[in-house]
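Here's the structure, in C-alpha cells; my notes come after.
The values are calculated or read from the model by the stated rules, or taken from the named source; none is laboratory data. Just so you know, these numbers come straight off a predicted model, no measurement behind them. As a convention, Cβ positions derive from the backbone with ideal geometry for all residues, glycine included, and neighbour counts pool all protein chains shown. Quick note on the areas: whole protein, heavy atoms, side chains included, nothing else; ligands and nucleic acids left out. Shrake-Rupley method; radii C 1.70, N 1.55, O 1.52, S 1.80 Å.
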Amino acid sequence: MQASIKIPAAPELAYLLRLADTCLISGQRLGEWCGHGPILEEDIALSNMALDLIGQARALLTLAGQRSGQCGGQGYDEDQLAFLRDEGDYRNPTLAELPRGDFAFTILRNLMLSTWLKLMWQRLGESSDAELAAIAGKALKEARYHQQHAADWAVRLGDGSDESRRRCVVALDRLWPYTPELFEDDAVDAAAVAADLGPAWAQLREPWLAEIGEVLGEAKLAVPPAPTFRSSGKSGRHSEHMGYLLAEMQYLQRAYPGGAW
Amino acid sequence: MYTQAMDTLREEGGQPVLRTAEEAALQQRFDQRIDAGDFIEAKDWMPENYRKTLLRQISQHAHSEIVGMLPEGNWITRAPTLKRKAILLAKVQDEGGHGLYLYAAAETLGTSRDQMLDALHTGKAKYSSIFNYPTLTWADVGAIGWLVDGAAIMNQVPICRCSYAPYARAMVRICREESFHQRQGYDSLLVMMKNGTEAQKAMVQDAVNRWWWPCLMMFGPPDDQSPNSAQGMRWGIKRVSNDTLRQKFVDAAAQQAAVLGVTFPDPDLRWNEESQHWDYGAIDWSEFWRVVGGDGPCNRERLADRVQAWEEGEWVREAALAHARKSELKEAA
C-alpha cells in the first residue's frame, strides 16, 4: 500500500488547502450524482459543476504543492495532495463532506458553498499571490453560475410543492449547524490577512448571510436559528463520513503503489 | 454512446399496405427521394414503418447513452488521478448530452421524451446490451473507451448519412465526441501498459479479455441472420452491413492491440494474407441473445438504477411544475 505524505505546518499552506479541499470534496460529492439526477438536464448540470470544482481543486492543489516545497516541506503534485494525505491533513470545512443526501440537500448545500466560494474568489482576485489571483479570476465566473443555478432551484423547491418544501426544511435543518465553520477565524486567517494572501473567513460572514437570506426569503424558507454546535473539518477533525469518502477516492492510488495512470 | 444493430422491422412484417392513390403517390415520391440520396425532414411525409423504425432506433440509441452513463459512472468517485477524474466526468456528461440530442431528434417523430422513458422503465424499449456487463476495475473504463466506443464509432459514422436528417445531424456531433472518447480510453490504457506496474498491466489485459467478445456482438447478428437489414438499407437508415462493420472493427483493433501490447482472447485471430483482413473465431451468439433477452450480468441492476433515479426525482419534477404554475398565476394577476 502507498504510504501517506507529510504536510508542513505552514499557515499559508493550510489557507490554500482549506480552499482547495473545499473544492475537491464538494466536487467528489457532486460527482456522485452523475447518472442519477432527477432529470437529464440536471444530471448534466451537476456533473458540470463537479467538473468545475475538480478543475479549481487541481489548480489550487498544484499551487499548494509548489508552496509546500517553498515553505520547508517537500514539493508535491496535485495527485499526491489529493490522494495521499491522511484524513487529518484534509482541511475542508465539514459541510463539504456530508453525504450528498436528496436533491434538496444537494441544492441547498450548493447554494451555501457556491455563495461562499463566490465571495471568496471575489476577494482572492486581489491576492498578493498572483497565481492565486489568476485562479480566482477564472473560478469566480464558474462560482457565479453555480450560485445562480442553486438559487433558482432553491426557490423552485422552497416555493414549489408541499413535499419539496418539506424536504427543503429538513435539509436546511441538517445543513445549517455546519455553516458557522465557514466564518471562523484562527491563526491561519491572521497570517493570510497579514500577507495579503486573502481574506479572513469571518469577513465573508455578513455578505454571505445577506445573499443567502435573500434567496431563502424568495424561497419562502426561514433562516434557521444560530446553532451552538461547531464543526471542525478545516482543522482536520472531520465527521464520520470523511473516512468513507477518502477510502473510496484514494483506493486506486493506495492499492497500486508506483502506478502510472 | 451507442445502439446495437437491431432487427428493427421484425415485428412490423415488412411493407405497409397502401390504401389510397394519394398514399401511393406519396410513397413513390418518398422512394424517389431516398433513391436520390435526399434527406427526409420531420415535416415531410414518410411511410409509417419508416417512422416507427426510426423512432425505435433513435430512442434505443438515446436509452443506450443514458444507461451507458452507469457502468463508467461507477468509477467517477474512484478515478485514480484528478486528470482522469475530470476526463471521466466530462465523458459521462457527454453521454448524457448525446441522450439529450437523441431524445430531441426522436421527439421530431411525434413521441415525447416522457413516453420514451416510460418505455425504457417498463422494459418495453431496449438499450445496447453492452452496458449489461460490469465495470470491475479501473482498466474497464479505458477498455470501454477504446473498444466499446471504437465499435460504436464504426456503427455510428455511417448514421451521419442516415436518410432522416434530424438523426443524421445529431450523429455528426456525437461522432466527433465519441472519437475523442475513444482516444482518451486508449491513451489511459497505453499509459498503464507502457509506464505502469505489472499489476496494472495485468488489470488491462483482464479488462480486454472481458470486453472483447461483447464488443464484437455490438454489431448485431451475422448478415445471414439479419433478414430485415435489407429494408433498413433500402431506406437509407442502415448504410453498411453488420458483418462488414464488424470486420472493419476487428482489423483496426488488432493493430491497436499490438501497439498497446495486449492480446485478444481468440486463438483463431490471425492475419489473412489472401483476404487482407484479420480472421476471427466464432462468436457465441447464445450469449448475445441471452443478454439481449434480459439475462446478462447487470440487466436488472442497470434498469433498476434508472428507474430508481427517475422515481426519486419525481418530487423534484413535480415541484418545478408547481413552481412554474405559481409563477404563471402571479404574472397573470
Practice prompt. Tell me which residues, restricted to segment B:272-293, are touching a residue at least 60 places away in the same chain (Cβ under 8 Å) and open to solvent by less than 70 Å² (accessible area, probe 1.4 Å).
Written response: B:280, B:283, B:285, B:287, B:288, B:291, B:292
Item to complete: Output the residues belonging to segment B:71-86 that are more than 7 Å from chain A (Cβ to nearest Cβ) and in contact with an Asp or Glu (Cβ under 9 Å, 6 or more places away or on another chain).
Response: B:71, B:72, B:74, B:75, B:83
Practice prompt. With the checklist (1) open to solvent by 30 Å² or more (accessible area, probe 1.4 Å); (2) farther than 21 Å from residue A:96 by Cβ; (3) within 14 Å of chain B (Cβ to nearest Cβ) in hand, flag the one item residue A:241 doesn't pass.
Written response: (2)
Worksheet item: Is it the case that some residue within segment A:87-105 is without any contact (Cβ under 8 Å) to a residue 40 or more places away in the chain, crowded, with 21+ Cβ neighbours inside 10 Å and acidic (Asp, Glu)?
Response: no
Item to complete: Output the number of residues of segment B:154-194 satisfying the condition of being open to solvent by less than 30 Å² (accessible area, probe 1.4 Å), away from chain A (no Cβ under 14 Å) and in contact with a helix residue (DSSP H, G or I) (Cβ under 7 Å, 6 or more places away or on another chain).
Response: 15
Item to complete: Filter segment B:223-247 down to residues that are under 30 Å from residue B:30 (Cβ atoms) and either touching a helix residue (DSSP H, G or I) at 6+ places or on another chain (Cβ under 7 Å) or crowded, with 21+ Cβ neighbours inside 10 Å (or both), then give me how many there are.
Response: 14
Response to the item:
The helices (runs of 4 or more DSSP H) lying wholly within segment B:175-275 that contain at least 2 residues that are in contact with a strand residue (DSSP E or B) (Cβ under 9 Å, 6 or more places away or on another chain) are B:242-260
Worksheet item: Does residue B:45 satisfy being surrounded by fewer than 18 Cβ atoms within 10 Å (Cβ to Cβ) and at pLDDT 95 or above?
Response: yes
Worksheet item: Do we have residue B:303 as within 14 Å of another protein chain (Cβ to nearest Cβ), loosely packed, with under 15 Cβ neighbours inside 10 Å and aliphatic (A, V, I, L, M) here?
Response: no
Worksheet entry | For residue A:234: the one exception among (1) at pLDDT below 95; (2) touching a Lys or Arg at 6+ places or on another chain (Cβ under 7 Å) | (1)
Item to complete: Go through segment A:50-80 residue by residue and tally those that are within 21 Å of residue A:133 (Cα to Cα) and part of a helix (DSSP H, G or I).
Response: 21
Practice prompt. Please give the number of the condition residue A:228 fails out of (1) away from chain B (no Cβ under 14 Å); (2) in contact (Cβ under 8 Å) with a residue 60 or more places away in the chain; (3) farther than 30 Å from residue A:77 by Cβ.
Written response: (2)
Discussion item. Considering only residues that are modelled with pLDDT of 90 or more and touching a Gly at 6+ places or on another chain (Cβ under 8 Å), which ones fall in segment B:216-234?
Written reply: none
Worksheet item: Right, residue A:260: part of a loop (DSSP other than H, G, I, E, B) and within 14 Å of chain B (Cβ to nearest Cβ) or not?
Response: yes
Worksheet item: Can you name every residue in segment A:60-79 that is at the interface with chain B (Cβ under 10 Å from one of its Cβ atoms) and open to solvent by 10 Å² or more (accessible area, probe 1.4 Å)?
Response: A:62, A:77, A:78, A:79
Discussion item. Based on this model, can you work out whether residue A:222 counts as within 20 Å of residue A:171 (Cα to Cα) and not in a helix (DSSP H, G or I)?
Written reply: yes
Worksheet item: Is it the case that segment A:145-164 has a residue that's away from chain B (no Cβ under 14 Å), of a type in the set (D, E, K, R) and closer than 30 Å to residue B:312 by Cα?
Response: no
Worksheet item: Of all residues in segment A:18-36 being touching a residue at least 60 places away in the same chain (Cβ under 8 Å) and at the interface with another protein chain (Cβ under 7 Å from one of its Cβ atoms), which is surrounded by the fewest Cβ atoms within 10 Å (Cβ to Cβ)?
Response: A:32
Fill in: Single residue of A:248, A:211, A:181 found to be at pLDDT 95 or above, open to solvent by less than 20 Å² (accessible area, probe 1.4 Å), within 20 Å of the chain's Cα centre (by Cα) and among the acidic types (Asp, Glu)
A:181
Discussion item. Cβ-Cβ under 6 Å, sequence separation 6+ or interchain: first residue in segment A:164-192 and closer than 13 Å to residue A:112 by Cα and in contact (Cβ under 8 Å) with a residue 12 or more places away in the chain, partner of a type in the set (Gly, Ala, Ser) and surrounded by fewer than 17 Cβ atoms within 10 Å (Cβ to Cβ). Which pairs?
Written reply: A:183/A:202
Practice prompt. May I ask you to verify whether residue A:53 is within 14 Å of chain B (Cβ to nearest Cβ) and more than 15 Å from the chain's Cα centre (by Cα)?
Written response: no
Item to complete: Would you check if residue A:203 is of a type outside the set (Val, Ile, Thr) and open to solvent by 60 Å² or more (accessible area, probe 1.4 Å)?
Response: yes
Worksheet item: Taking residue A:8 and the conditions (1) touching a residue at least 60 places away in the same chain (Cβ under 8 Å); (2) open to solvent by 10 Å² or more (accessible area, probe 1.4 Å); (3) away from chain B (no Cβ under 11 Å); (4) touching an Asp or Glu at 6+ places or on another chain (Cβ under 7 Å), which numbered condition does it fall short on, given that it satisfies the others?
Response: (4)
Practice prompt. With respect to residue A:136, determine if the residue is buried (at least 19 other Cβ atoms within 10 Å of the Cβ) and within 13 Å of chain B (Cβ to nearest Cβ).
Written response: no
